[in-house]
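Taking it in order: structure first as structure tokens, then the write-up.
The values are calculated or read from the model by the stated rules, or taken from the named source; none is laboratory data. Keep in mind that this is a model prediction, so the values were computed, not measured. Note that each Cβ is placed from the backbone with ideal geometry, even for glycine, and that neighbours are counted across all protein chains shown.
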Amino acid sequence: MPTQPLAVIDIGSNSGRIIVVRVTANGHLEILSEARTSLRLMSDIDKSGSLSPAAEERTLAALFDFMAVAAGSGARRTIALATAAVREAVNSDQFVGRLRRETGLNIRVIDGDEEARLAFSGAVNGLPIDHGMLVDVGGGSLEIAHFRNRRAQESWTLPLGALRMTDVFLGSDPPKQNEIAALQDHVLKTLRSADVIPMRDDERMVGTGGTIRNLAKMHRATITYPIPRLHGYTLGRKALRDIGSRLVARRLVRRAALPGLSADRADSIVGGVLVVQTVIDSLGAGDVTVSGQGLREGVVYEEFARYMPSPAAVRRASIAAIASRFTTWDGDRARRRARVAGALWDVMLPGASEELRDALEQAATILDVGRSVDYYRRWDHAAEIVVSADLHGFSHRSIGMMASLIVRAGKGRASFDPYSMLWDAADSRGLNRAAVLLALADEVERRMPRGAAVSVARQDDRKDVVLTVPMPHDWMPGELAARFRGVFGRELVLEGGSGDRLGAAGIAVGL
């Protein structure tokens, strides 16, 4: 059974946010509702050291609205946290005390180490990355966590947030070159004095927080890109430099109109992009993989799990959770189709890409969701659901492979493929082969009685692969046999379980 709905409120230095979530029986996090508002608390801190009465009123208004969202979504419990701006304010106790009295919420001010840990738990959980550095650029602080084997090793909290850096260093509009240089020099010196370690060759950088997500939105708005979600989007050094150049050259009034940029971040995004650029260069990262999750999701994961699962476990849980939302999906049939597809792969494509093999099995598992929309266009709809759903544990490349496999399996040809920008020509050849195996697995599975066993075995004397299927009639997949011949250069031969050609119990795939 899924957990009871839980609300998590984050009183951040730039923004206030809430999510209402529940965790499925297999560990997938489902968002039930969310809301965000601009608070800009760090600007008060930098100017006076105290949070002003106006800041109290803004925060109270946000909290009352968040409580309404939580109640409307059926949340049984609410966790409220405050981060850098509140913990640094000289009147933090009085500020939080009033919020508690007025709202009844048990608001907890967390320290930098806990903020970094929660950001790591939330951001990395849903990505297929084992080793690296988590970077969370908030309004007031920068959190960095070094992790190996999906476990945090060391963390740093530094006063290098986007709003803080903008207020301290960038007084001109647009900023002057000496202001930009001073900001970057300050960030670099702060990283070095904190002994933040450089990245190893096998490590990846993961980025979370509103600043990094906004930069990713801006970059995605400049290109044609097939995956609509930000979670898992990769932002390279050159892309960041290009975005930074566009931002620093514009006055605020023109900057605010840039596609993808949230209006309430227009004045702080320049400081944010300069921090991100300096961190990437200093730590030696080639790019940053954007996580759509962060501190709030980290709170949820730590509430319900004692350890971070492997990416494979996250993928399985995510696929099962998404598929179970559709009435046409049958878990037993899906698992049987996936087993047939995997067995065919192991015989036909031994030693080929494990990434593609995993995409094949996941595509075979989720395939039937498309029938909930329209049976006759089930392949296209299943692919659309794959790229649109909140799947976790997948790279964008893997999501594109799953969608492309499903479409190619249904159409029988590789026509225009919007996902092909995510791989090369060699990958496309492998996808064509795997798509035929997916189509074959689907055709076999839907002809089998429930509970019937399927086995795939190599007959070395004939160099055949035999798929034993207890069907009550002969079956000859003519069009599919032609597709098979086209991609594998071999004939698809049907054979009975007793060895009789074209019998009712088997399919032999000639090698």
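Being under 24 Å from Val436 (Cα atoms), touching a Ser or Thr at 6+ places or on another chain (Cβ under 6 Å) and either surrounded by 17 or more Cβ atoms within 10 Å (Cβ to Cβ) or among the aromatic types (Phe, Trp, Tyr) (or both) is the filter here, so list the residues in region 320-340 that pass it. Lay out the reasoning, then the answer.
In the first step, residues of region 320-340 are kept if they are under 24 Å from Val436 (Cα atoms); the result is 320, 323, 328-340.
Next, only the ones that are touching a Ser or Thr at 6+ places or on another chain (Cβ under 6 Å) stay: 328, 334, 338.
Passing the criteria: Ala334, Ala338.
Taking the condition of being in a helix (DSSP H, G or I) and either out of contact with any helix residue (DSSP H, G or I) (no Cβ under 9 Å at 6 or more places or on another chain) or under 23 Å from Phe394 (Cβ atoms) (or both), how many residues in region 273-298 meet it?
4
If you take the residues in region 333-385 that are acidic (Asp, Glu) and farther than 16 Å from Met401 by Cα, which one is modelled with the lowest pLDDT?
Taking region 333-385 first, the residues acidic (Asp, Glu) are 346, 354-355, 358, 361, 368, 374, 380, 384.
If we keep only those that are farther than 16 Å from Met401 by Cα too, we end up with 346, 368, 374.
Numbers: Asp346: 88, Asp368: 94, Asp374: 94.
The qualifying residue modelled with the lowest pLDDT is Asp346.
Take Leu81 and decide whether it is modelled with pLDDT of 95 or more and touching a Ser or Thr at 6+ places or on another chain (Cβ under 7 Å). Walk me through how you get there before you give the answer.
Working: modelled with pLDDT of 95 or more: yes; touching a Ser or Thr at 6+ places or on another chain (Cβ under 7 Å): no.
In short, no.
Go through (1) modelled with pLDDT of 95 or more; (2) not in a helix (DSSP H, G or I) and name the single condition Ile399 misses.
(2)
Which residues, counting only those in region 117-153, are hydrophobic (A, V, I, L, M, F, W, C), part of a strand (DSSP E or B) and touching a strand residue (DSSP E or B) at 6+ places or on another chain (Cβ under 7 Å)? Walk me through it before giving the result.
Quick first cut of region 117-153, residues hydrophobic (A, V, I, L, M, F, W, C) only: 118-120, 123-124, 127, 129, 133-135, 137, 142, 144-145, 147, 152.
From what's left, part of a strand (DSSP E or B): 133-135, 137, 142, 144-145, 147, 152.
Passing the criteria: Met133, Leu134, Val135, Leu142, Ile144, Ala145, Phe147, Ala152.
Taking the conditions exactly as written (farther than 22 Å from Gly342 by Cβ, assigned to a helix (DSSP H, G or I) and free of Cβ contacts under 8 Å to residues at least 60 places away in the same chain), does Asp380 satisfy them or not? It would help to see each step written out before you state the result.
Values: farther than 22 Å from Gly342 by Cβ: yes; assigned to a helix (DSSP H, G or I): yes; free of Cβ contacts under 8 Å to residues at least 60 places away in the same chain: yes.
So Asp380 passes the test.
Under 6 Å by Cβ, and 6 or more places apart or on different chains, what pairs join a residue from region 176-197 that is closer than 23 Å to Leu252 by Cα and without any contact (Cβ under 8 Å) to a residue 60 or more places away in the chain with one that is surrounded by 14 or more Cβ atoms within 10 Å (Cβ to Cβ) and not aromatic (Phe, Trp, Tyr)?
Glu179/Leu170
Tally up the residues in region 6-39 that are crowded, with 19+ Cβ neighbours inside 10 Å and not in a strand (DSSP E or B), please. Show your work before the answer.
Taking region 6-39 as the starting set, the residues that turn out to be crowded, with 19+ Cβ neighbours inside 10 Å are 6-23, 27-29, 39.
Restricting the remaining residues to those that are not in a strand (DSSP E or B) gives 12-14, 27-28, 39.
Going through region 6-39 one residue at a time, the tally reaches 6.
Out of Pro309, Pro350, I need the residue that is outside any helix (DSSP H, G or I) and in contact (Cβ under 8 Å) with a residue 12 or more places away in the chain. Which one? Show your work before the answer.
Values: Pro350 fails: in contact (Cβ under 8 Å) with a residue 12 or more places away in the chain.
Exactly one of Pro309, Pro350 is outside any helix (DSSP H, G or I) and in contact (Cβ under 8 Å) with a residue 12 or more places away in the chain, namely Pro309.
So, of the residues in region 441-466 that are under 38 Å from the mean Cα position of the chain (by Cα), farther than 11 Å from Arg337 by Cα and loosely packed, with under 15 Cβ neighbours inside 10 Å, which turns out to be modelled with the lowest pLDDT?
Step by step, filter region 441-466, then rank; the result is Ala457.
For region 204-224, enumerate the residues that are of a type outside the set (Lys, Arg) and either in a helix (DSSP H, G or I) or modelled with pLDDT of 95 or more (or both).
Step one: of region 204-224, the residues of a type outside the set (Lys, Arg) are 205-212, 214-216, 218-219, 221-224.
Listed by number, the residues that qualify are Met205, Val206, Gly207, Thr208, Gly210, Thr211, Ile212, Asn214, Leu215, Ala216, Met218, His219.
Residues of region 156-185 being closer than 17 Å to Asp195 by Cβ and in contact with an Asp or Glu (Cβ under 6 Å, 6 or more places away or on another chain), which ones? Please lay out each step first, then the result.
At the first step, the residues of region 156-185 found to be closer than 17 Å to Asp195 by Cβ are 156-160.
The answer is Thr157, and nothing else.
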